[in-house]
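The values are calculated or read from the model by the stated rules, or taken from the named source; none is laboratory data. Treat the numbers as computed from the prediction; the structure is a model and nothing was measured. Every residue, glycine among them, receives a Cβ derived from its backbone with ideal geometry; neighbour counts consider all protein chains shown.
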Amino acid sequence: MTTDVAEQTKVPVARDGDVVNARQTGRELAASLGFRSTDLTLIATAISEVARNIVLYAGRGEIALSAAYDGSRRGIRVVAQDAGPGIADVELAMRDGYSTGKSLGLGLSGARRLMDEFEIISKVGIGTTITMSKWAR
């Protein structure tokens with residue numbers, strides 16, 4: 001699949017306030033692309049989950065937000081990137097209920113369910129990149 005991505009808005013993430021900023025910036029972009037109210041909530045929640053993981057596990061990173069186009073479809077692309085410790089077992093980390101912290105373990109798997117496309121690439125000692133997209137209906 002080839003997808004065209006428009007100019008990115010990058011939001012640095014290092015503290016809780018940045019999570020709120022990333023979520024709000026993503027919600028505003030999605031609204032400008034014509035997403036319905038319910039989808040705006042799903043997108044904001046998914047962004048919040050991956051941004052919070054950056055703060056908790058990597059300490060700092062970045063969320064890049066952009067409009068995405070695939071033929072006549074339009075959507076939002078979210079790329080969360082950090083240079084943290086990485087995830088040793090991505091398959092395990094994607095299971096509901098798995099957490100290395102004190103959370104419910106629904107962040108990554110929840111974000112995957114909320115978005116239409118979800119990809120995670122992680123290397124121990126190098127960092128993690130999560131790319132997710134939602135398409136307007």
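The residue of the stretch 92-117 that is nearest to T41 (Cα to Cα), among those that are modelled with pLDDT of 85 or more and not in a loop (DSSP other than H, G, I, E, B), is L114. Residues that are in contact with a helix residue (DSSP H, G or I) (Cβ under 6 Å, 6 or more places away or on another chain) and over 23 Å from M94 (Cβ atoms) within the stretch 32-64 comprise just one, L40. Among the residues of the stretch 118-133, is any part of a loop (DSSP other than H, G, I, E, B), of a type in the set (A, V, I, L, M, F, W, C) and touching a helix residue (DSSP H, G or I) at 6+ places or on another chain (Cβ under 6 Å)? No, the conditions are met nowhere in the stretch 118-133.
Any idea which residue in the stretch 40-61 is surrounded by the fewest Cβ atoms within 10 Å (Cβ to Cβ), counting only those that are within 17 Å of I87 (Cβ to Cβ) and under 12 Å from the mean Cα position of the chain (by Cα)? Per the criteria, the residue is R52. Could we say that V20 is crowded, with 19+ Cβ neighbours inside 10 Å, within 15 Å of the chain's Cα centre (by Cα) and closer than 21 Å to T9 by Cβ here? Considered against the rule, which asks whether it is crowded, with 19+ Cβ neighbours inside 10 Å, within 15 Å of the chain's Cα centre (by Cα) and closer than 21 Å to T9 by Cβ, V20 comes out as no. Being without any contact (Cβ under 8 Å) to a residue 40 or more places away in the chain, surrounded by fewer than 19 Cβ atoms within 10 Å (Cβ to Cβ) and not aromatic (F, W, Y) holds for only one residue in G71, G34, and it is G71.
Kindly evaluate I43 against the criterion of being touching a Phe, Trp or Tyr at 6+ places or on another chain (Cβ under 8 Å) and not small (G, A, S). Judged against the criteria, I43 is a match.
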